[in-house]
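Shown next, in structure tokens, is the structure this report addresses.
The values are calculated or read from the model by the stated rules, or taken from the named source; none is laboratory data. Computed from a prediction, not measured in an experiment: that's the story for all the values here. Cβ atoms come from the backbone with ideal geometry, glycine included; neighbour counts cover every protein chain shown.
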Amino acid sequence: MSDKQDVVKSLMISEEKASNIEEAIRKSQFAMNIAVNNNIMDIALKVTEAVEQKVHVLRGYEDNMKGAEKYLSETFNIKNTQRKSYAIVTHKYAKRVEGSSEYVLLDNRFRDFGIANLEEMQKLPDFDNSSVEALNKFVDSHSITPDTTKQDIMKMRGIEEKPKEKKEEEKKAENKAENTVAEDNVTTQIKAENDKLHAKVEDTKSQFAKLYQLALDKKVSDKDFRKQAIEMLQKLENTYKVQ
């Protein structure tokens, strides 16, 4: 027993060491999130530029927004909801390079915030992007950082995120499942009733066959025939009596 305790004890580390390991994990997660946000921001700026410069038309798609949406979906698997978010963020936090179609951010700090947060931020009533200074002042006044979550920003607007309603497809699937169960129950009930009726019919046929054989049997007296016939008929009467 003491050997086992010694082994466990030898594997234990100090509180400081454990905290350092956890902090390293958190830092790596944060760095990963920042890298993802940076890449998505680059995509947002370029997607907005591509739509406005009608790259989709050059690639053979219709010269309208439907054509642009189809191009983005088929070429980059970018949904229309994403395109809209990209456009909002680009027009709120970026500007065109003079003499170019390219967009650049008003301040590179916004590369780290993430599309969802930037889109939520611009809904705040005191949002101000009239200048880089005004925009930075707005962000700092709300203490918004890359660590801030979308839910935190929503709370600044006095909004609590509601649970998402079930999609129409999910509702249809549930209704279909409920209907299927109901139909199965009805089918099972009908089959059970049919089985009962079939059993009654088969028993009736058997009883009439016996009665017919008794009528043909000359060894059976009239008294015995009447007695057995009455018993059979009473049994049939009970069989088909309505409950």
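For region 32-79, how many residues meet the condition of being more than 30 Å from the chain's Cα centre (by Cα) and without any contact (Cβ under 8 Å) to a residue 24 or more places away in the chain?
In the first step, residues of region 32-79 are kept if they are more than 30 Å from the chain's Cα centre (by Cα); the result is 49-50, 52-64.
Within this subset, residues satisfying the condition of being without any contact (Cβ under 8 Å) to a residue 24 or more places away in the chain are 50, 54-64.
Total meeting the criteria: 12.
Hey, among the residues in region 63-79 that are of a type outside the set (D, E, K, R), touching a helix residue (DSSP H, G or I) at 6+ places or on another chain (Cβ under 7 Å) and in a helix (DSSP H, G or I), which one's surrounded by the fewest Cβ atoms within 10 Å (Cβ to Cβ)? Walk me through how you get there before you give the answer.
Taking region 63-79 first, the residues of a type outside the set (D, E, K, R) are 64-65, 67-68, 71-73, 75-78.
Filter once more, keeping what is touching a helix residue (DSSP H, G or I) at 6+ places or on another chain (Cβ under 7 Å): 67-68, 71-72, 78.
Among the residues that remain, those that are also in a helix (DSSP H, G or I) are: 67-68, 71-72.
Details: G67: 17, A68: 22, Y71: 22, L72: 22.
Result: G67.
List every residue pair whose Cβ atoms lie under 7 Å apart, where the two residues are 6 or more positions apart in sequence or sit on different chains, the first residue falls within region 87-111 and is on the phi > 0 side of the Ramachandran plot and part of a loop (DSSP other than H, G, I, E, B), and the second residue, located anywhere, is surrounded by 14 or more Cβ atoms within 10 Å (Cβ to Cβ) and modelled with pLDDT of 95 or more.
Within 7 Å, no pair qualifies.
Kindly evaluate E102 against the criterion of being among the acidic types (D, E), farther than 17 Å from F30 by Cα and in contact with a strand residue (DSSP E or B) (Cβ under 8 Å, 6 or more places away or on another chain).
The answer is yes for E102.
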